[in-house]
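Below is one structure, written out as structure tokens; comments come after it.
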Amino acid sequence: RKADVECRMLVLGSGPGGYTAAFRAADLGLDTVLVERYATLGGVCLNVGCIPSKAVLHAAAVIDEAAHASDYGIDFGKPKITLDKLRAYKDKVVGNLTKGLAGMSKQRKVRVLEGVGKFVSPNEIEVVGAAGTQLLRFEQCIIAAGSQAVKLPGFPWDDRRVMDSTDALDLADVPDKLLVVGGGIIGLEMATVYRALGSQVTVVEFMDQLMPGADPDLVKPLADRLKKQGVAVHLKTKAAGTQAQKDGLKVAFESAEAGKPASIEAQLFDRVLVAVGRAPNGNRIDADKAGVNVTERGFIPVDRQMRTNVPHIFAIGDLVGNPMLAHKATHEGKLAAEVAAGEKKEWVARVIPSVAYTDPEIAWVGVTETEAKAKGLQVGVGKFPWAASGRAIGLGRTEGFTKLVFDEATHRIVGAGIVGVHAGDLIAELALAIEMGCEAADIGHTIHPHPTLSESVGMAAEVYEGTITDLY
Ligand code: FAD
């Protein structure tokens, strides 16, 4: 059968991994086709993930800051929320970026094909879309088909009051009572938004802390603030069964510990958001027809150059493994394109930062204190409480702190965690410090501007070195 389209490089999926790979491949001279099942480029991150969630989180932060302003004599009164306008704002932010991607594809002569792509052989993909069925033949391919929300069984998914994160970002209404199943990053970000908009929010989490993966001390200021704001949090708890009733969704709970009763009774909720993780799309693209190995869960194993077991086919992003983060996907996308174009490169990044854009934000990078303990690593910690930061005091947000983890033998930084407003922006310096192999003295001797929250980074290093004992 004759191919409808031939290309040097085919990229399947246009999320942060896919578009980065396609653009880099084109910049390196490879004739590139980008296949995407949706009408806009950008994948989960731009359309229904990172970007829209941060746009609505900004609105939540403004609502909270306006309420807080009455503490220093400025009263804005009760906010009047026009949901249609907020949704339009979020859509405008997303549209701005997706349009930008369309323009950047054109500039580079990346051919974009809309439709669902599936492998039919090691060098061919069939794309079914509005324009009919097309056969694409490629020399090399980068699979960037991403992930989707796990649809936990036991919930009536055909009832629109049961939501995944995409539904929640649609902002259909502000439910009086919202249940968030899953106290990870996505669940807590959406809880933050809906609580600020006026919902009474309950969060249930299976594990024994919110934001599993982050150090418990980093999570505590967030948990305390949520409690103060009236968010009910139930740990070691799972939603056991959900019945759709006319007046709401009746949810029963179970303790995660066998034989123990749940700390929360069955209740009616107006909406339920299920945010219990994301599943890779590796099993949905007929990868076997190309001979590409896929694990049972749908991950595609790759080597340090992002190659699958089939040498001319690469894979990147959420579907190659955790952490499922946009900046990991873009990094991998660039690497795969460069290797495909003949560059001798491999994955060398030491760390990938994680950020929860909750209020306060929680950010961490490298080895966590919990992980260091579990592995028996000889580490020491330098911690700077923001109660001693002039800037944090001025902001009225002293609950944060900055914690640096050092290897005791070399005093080199191996990890860091920050909780507080803007923690996500502050963590980047520490990712760089780890990449550069900085010692505590390097960080402590670097002059940080005053008065900024970033000073807390230098101070935490000095606390570790013992060059400041008094917090001033
Ligand atoms: P994706 O973004 O999933 O893109 C894959 C693309 O492939 C999709 O557009 C899909 O339609 C397309 N596709 C799949 N199969 C086919 C096929 N067969 N044919 C054609 N097209 C196909 N990460 C962060 O780093 N920071 C954040 O703040 C953040 N916030 C998030 C908030 C939410 C609510 C969610 C859900 C996720 C968030 N993430 C965040 C995670 C981030 O969105 C993902 O890690 C990132 O999008 C992964 O990029 P990717 O390129 O691997 O795949």
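At a glance:
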| item | result |
| --- | --- |
| Sequence-distant residues sharing a close amide H with residue 233 (under 5 Å, placed H) | 203 |
| Distance (nanometres) between label positions extended 7 Å along Cα→Cβ at residue 252 and residue 208 | 2.7 |
| At most 12 other Cβ within 10 Å, DSSP loop - trypsin sites (Lys or Arg not before Pro), the range 1-92 | 1, 2, 80 |
| Where only C-alpha atoms are counted, convex hull volume of the range 14-169 per residue in Å³ | 169 |
| Filter on 54/238; 375/403; 85/334; 220/328; 54/151 - keep pairs with C-alpha separation over 25 Å | 54/238; 85/334; 220/328 |
| Cβ-based charge dipole, the chain, positive-most Cα from 58, 466, 213 | 58 |
| Placed amide H near residue 120: partners under 5 Å, 5+ positions off or other chain | 125, 126 |
| Summed residue charge, Cβ within 13 Å of residue 441's Cβ, Lys/Arg positive, Asp/Glu negative | -3 |
| Length released on extending from residue 240 to residue 109, taking residue separation times 0.36 nm less the Cα-Cα span | 42.0 nm |
| Cα centroid of the range 199-216 to Cα centroid of the range 23-55, whole Å | 31 |
| Ranked packing of 258-269, 205-216, most packed first, by mean Cβ within 10 Å | 205-216, 258-269 |
| Net +/- balance of residues flanking residue 323 in space, Cβ distance below 12 Å, scoring K and R +1, D and E -1 | 0 |
| Filter on 99/345; 177/250; 109/344 - keep pairs with C-alpha separation over 20 Å | 99/345; 109/344 |
| Isolated Cys in the chain, by beta carbon distance under 4.7 Å | 7, 141, 438 |
| For the range 365-472: span of alpha carbons on each principal axis (Å, largest first) | 39, 24, 24 |
| Backbone HN-Hα couplings from phi across the range 325-342 [Karplus 6.51/-1.76/1.60, Hz, Gly and Pro as x] | 9, 4, 6, 6, 4, 5, 4, 5, x, 5, 4, 4, 5, 5, 5, 4, 7, x |
| Between the range 408-472 and the range 346-365, the alpha-carbon center distance in angstrom | 15 |
| Residue-by-residue Karplus 3J(HN,Hα) for the range 382-396, coefficients 6.51, -1.76, 1.60, Hz, glycine and proline x | x, 10, 10, x, 6, 4, 9, 9, x, 5, 5, 5, x, 7, x |
| Residue-by-residue Karplus 3J(HN,Hα) for the range 165-173, coefficients 6.51, -1.76, 1.60, Hz, glycine and proline x | 5, 5, 4, 4, 6, 6, 6, 4, 7 |
| Approximate spin-label separation residue 83-residue 286, in nm, with each point projected 7 Å along Cα-to-Cβ | 4.1 |
| Net +/- balance of residues flanking residue 185 in space, Cβ distance below 15 Å, scoring K and R +1, D and E -1 | -4 |
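Since every read-out is calculated from the coordinates, none of them should be taken as a lab result. Nothing here was measured: the structure is a model prediction, and the numbers come from that model. Positions of Cβ are backbone-derived with ideal geometry, glycine not excepted, and every protein chain shown enters the neighbour counts.
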